[in-house]
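Undergrad: Take a look at this one; I'll ask things after.
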Amino acid sequence: MVDPARVTGSSTAYGVTAPVRPTFTAMRRSVVVACSGGPDSLGLLVLAARDALDPIAVHVDHGLRPGAAAEGQVVHEAANRLGVRARSVSVRVDPGPNLEARAREARYDALEAARVECGATAVLTAHTADDHAETVLLNLLRGSGLSGLAGIPAVHGTVVRPVLGLRRDELRAVAATLDVVPVDDPSNRDEAHRRNWVRHTVLPLLA
């Protein structure tokens, strides 16, 4: 079993070197961690366990592609290594326009339901500084107003995003301490999705 208290590292986000320890200000145990089995959410699960937040890893199966059951097993294996709870939830998302948005809405509904059922205080998601930059750029491309330029809020209702100050690579380095093979979602490389195009083409050119 991994001892979360022994996980160490450093962050160089914004050119400043600091310990990889996000601030879980005013947060109380326990919390639901949205966990797809990907490296970002696994990293968040490690950090939440390290900060003694008694996390419950919740994997949501949208029923949109085969192999989701195996992805859920990755989440359960990671939770077992950390000595924390885990559960899998299935939701139904019918095909149609704006499938990604409807899947996201169904996922957040399922996570909130799990939070209420478990008596947890918040739902944590693994959005990073990279996700924040992508969101701002996407909003610019859409012609968003000032609210869109604010990017991803750190807190929205019961949803908390405690690692917005960390870079994606830093969070994935934390996940690697689990020695669990993370889920590789091929849709994250499909540049037909605008966010993936921004992530893999636009931001590297800007950098």
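The values are calculated or read from the model by the stated rules, or taken from the named source; none is laboratory data. Owing to the predicted nature of the structure, the values given are computational and were not obtained by experimental measurement. Note that we place each Cβ from the backbone using ideal geometry, even for glycine, and neighbour counts take in every protein chain shown. Heavy atoms of the whole protein, side chains included, go into the accessibility calculation; ligands, DNA and RNA do not. Shrake-Rupley method; radii C 1.70, N 1.55, O 1.52, S 1.80 Å.
Undergrad: How long is the gain from VAL93 to LEU141 if the chain were fully straight, where each residue apart is worth 0.36 nm and the alpha carbon distance is subtracted? Before the final figure, lay out each step's value.
TA: Numbers: separation 48, 0.36 × 48 = 17.28 nm, distance 2.74 nm.
Here the segment from VAL93 to LEU141 would lengthen by 14.5 nm.
Undergrad: Something else: Please list, in order along the range 105-111, the HN-Hα scalar couplings obtained from phi with the Karplus expression 6.51 cos²θ - 1.76 cosθ + 1.60 (θ = phi - 60°), rounded to whole Hz, x for Gly and Pro.
TA: With coefficients 6.51, -1.76 and 1.60, one gets 4, 5, 5, 5, 4, 5, 5 Hz.
Undergrad: Search the structure for amide H atoms under 5 Å from the amide H of ASP61, placed 1.01 Å from N in the peptide plane, and list their residues when 5 or more places away or on another chain.
TA: The list, which skips near neighbours in sequence, is VAL89, SER90, VAL91.
Undergrad: Continuing with the same structure: Multiply the residue separation of GLU77 and ARG65 by 0.36 nm, subtract the distance between their alpha-carbon atoms, and state the gained length in nm to one decimal. Mind dumping the intermediate values first?
TA: Values: separation 12, 0.36 × 12 = 4.32 nm, distance 2.08 nm.
So the extension gain works out to 2.2 nm.
Undergrad: Follow-up question, since we're still on this one. Over the range 25-143, what relative contact order in percent results from Cα pairs under 8 Å that are six or more residues apart? Provide the component values of the computation, followed by the final result.
TA: Values: 172 pairs, mean separation 38.2, N = 119.
This gives 32 percent for the range 25-143.
Undergrad: What is the calculated FRET efficiency for ALA207 to ASP169, with r their C-beta to C-beta distance and R₀ = 22 Å, to the nearest 0.05?
TA: Details: r = 13 Å, r/R0 = 0.59.
E between ALA207 and ASP169, to the nearest 0.05, is 0.95.
Undergrad: Could you run the Karplus curve 6.51 cos²θ - 1.76 cosθ + 1.60 with θ = phi - 60° over the range 125-134 and give me ³J(HN,Hα) per residue in whole Hz, x for Gly and Pro?
TA: Karplus values, whole Hz, x for Gly and Pro: 10, 9, 6, 10, 4, 5, 4, 4, 4, 4.
Undergrad: Determine the per residue accessible area of the range 39-138 with all protein chains present and a 1.4 angstrom probe, expressed in square angstrom. List each step's numbers first, then the result.
TA: On the way: 4310 Å² over 100 residues.
Value returned for the range 39-138: 43 Å² of accessible area per residue.
Undergrad: Still on this structure: Below 11 angstrom from the Cβ of LEU53, what's the summed charge of the other residues (Lys, Arg +1; Asp, Glu -1)? Please list the in-between numbers first.
TA: Values: positive: ARG28, ARG29, ARG50; negative: ASP51, ASP54.
With Lys, Arg at +1 and Asp, Glu at -1, the neighbours total +1.
Undergrad: Can you give me the long-range amide H partners of ARG85? Hydrogens built in the peptide plane at 1.01 Å from N, cutoff under 5 Å, separation of 5 or more residues or another chain.
TA: ALA57
Undergrad: Still on this structure, I have one more. If we sort 137-143, 58-64, 43-49 on the protection proxy, mean other Cβ atoms within 10 Å, highest first, what's the order?
TA: On the way: 137-143: 13.4, 58-64: 20.6, 43-49: 27.1.
The packing order, highest mean first, is 43-49, 58-64, 137-143.
Undergrad: Quick one: go through the range 73-87 and flag any residue whose amide nitrogen is under 20 Å from the point 7 Å out along the Cα-to-Cβ line of VAL116.
TA: 87
Undergrad: Quick check on the range 32-176: take the gyration tensor over C-alpha atoms, sort the square-rooted eigenvalues as a ≥ b ≥ c, and tell me if it's rounded (a/c under 1.5), prolate or oblate. Mind showing how you got there, number by number?
TA: Details: a/c = 1.64, a/b = 1.23, b/c = 1.33.
Verdict is oblate for the range 32-176.
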